[in-house]
Amino acid sequence: MTRDLTASEALDLRMTSLLLREHPSVRPGGVADVVEWFGAMQAQDLASGLWSLGARLPGRTIVDVQAALERREALRTWPMRGTVHLIPPADARWMLELTDVRSLAGAATRRSQLGLTDADADRAVDVLGAALVGGGRLTRGECLAALRASGLGTDGQRGYHLLWYASVRGVTCVAPNVGTEQTFALLDEWAPEQRHLDRDEALALLAYRYARGHGPVTAREFAGWSGLTLTDARRGLAAADGLRTVRVDDEPMHVDAALADIAVAGARASLDDVLALPGFDEYLLGYRDRTLMLDPAHQAAVVPGNNGIFQATVVRAGRVVGVWKRKIGRTAVTVTIQPLTTLDAATRALVERALGRYADFLGLPARYDWLA
């Protein structure tokens, strides 16, 4: 039986799906568990990606998360939408094959705009493959130097496009930073044990993970997140096991069956939690329609200029109530908070406590600067 949910109930389930509230059946033990739960977590901005993991692993520090990435509990690559994500290492190849078809289809047009040819792109793949062979990794600068040495231009956006293309083709992946420098490795050497799925299995698994880690969601939300066509999104959700259908504002949505059972039993007690999340977190990036979590009047503050650059957010009871920025110094991290609604003294104390978790993650004391 399909259950009708209020917006508040749907938001409670969504926050639980996102592992930002206690889940009835899942207790992630580490980075690998969190990344596998979501299937993919946006991590174009590495610092945001690290805190997205830390926010879901209380007590872990940035050093702990970086060590997990060195242990290859997750890897970064461009599996969809032309954007870097953290994904389970063993799932890299089938995800690239499933989701990047449309990205590759438009790559020739982008190369033409950059003054590159298809032959240039294929040569870049060969050059990087040869430079990285042997299980090591090279910094971004070293990769670009190898491309230039072969006669390929890397100025402007050319270098980025060629690095992206080699990863989308499944030849390279983004390895953990060395210091502050991004590095690359061969996918087959960095993550040699790859899971093999046929297309229908891949669609079903990706749909299941997305709905499990973000639900309640619609097929359109899944299509927007994955870059798949709406037809494929619907096909994947229809084939996915472990999901249930609920209705929110008379619209059918998919959600983890364990959470649907909670909804059927009746909503849990209202939670008034306060969270400090990075700007590029799945909490907002995982959706096209963000009205459950974000008042449209605050959209401009969260995404200034509507340019795709999301500010870090303060969230109370599932709704964005402020944005924040940090400046990391040698002895402290200074956090500047801009409220988007009126926050009383007690709530401000909760905000500072939430941001204190981020400071603890960095291993630095926090200083707070309120703009209003």
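Apply the Karplus parameterisation 6.51 cos²θ - 1.76 cosθ + 1.60, with θ equal to phi minus 60°, to every residue of the stretch 310-320 and state each ³J(HN,Hα) to the nearest whole Hz, in sequence, with x for glycine and proline. Ordered by residue, 3J(HN,Hα) equals 8, 6, 5, 10, 9, 10, 10, 6, x, 10, 5 Hz. What the chain shows is 43 Å² of accessible area per residue, with the surface traced by a 1.4 Å probe over protein heavy atoms. Here the extension length gained between Ala90 and Asp241 equals 52.3 nm, from 0.36 nm per residue of separation less the Cα-Cα distance. What separates the Cα centres of the stretch 268-315 and the stretch 21-86 is a distance of 18 Å. The antiparallel fraction among DSSP beta bridges confined to the chain stands at about 80%.
Each part gets one Cα centre, and for the stretch 155-169 versus the stretch 191-241 those centres are 26 Å apart.
The solvent-accessible area of His196, taken with every protein chain present and a 1.4 Å probe, is close to 150 Å². Candidates Cys143, Gly129, Leu11 compared by Cα position along the dipole of the stretch 1-158: farthest toward the positive end lies Cys143, with charges placed on Cβ. Estimated from helices alone, the mean residue ellipticity of the chain at 222 nm is -13000 deg cm²/dmol (sum of -39500 (n - 2.57) over DSSP H runs with n ≥ 4, per residue). Averaging the sequence gap over all C-alpha pairs within less than 8 Å and six or more residues apart, then dividing by the number of residues, gives the chain a relative contact order of 19 percent. Residues whose amide H lies under 5 Å from that of Leu340, counting only those 5 or more places away or on a different chain, are Gly322, Val323; hydrogens are built 1.01 Å from N in the peptide plane.
The values are calculated or read from the model by the stated rules, or taken from the named source; none is laboratory data. Note that the coordinates shown come from a computational prediction; the quantities given were computed from them, not determined experimentally. Don't worry about glycine lacking a Cβ; one is built from the backbone with ideal geometry, like all the others, and counts go over all protein chains shown. Remember, those area values only see protein heavy atoms, side chains included, never the ligands or the DNA or RNA. Shrake-Rupley method; radii C 1.70, N 1.55, O 1.52, S 1.80 Å.
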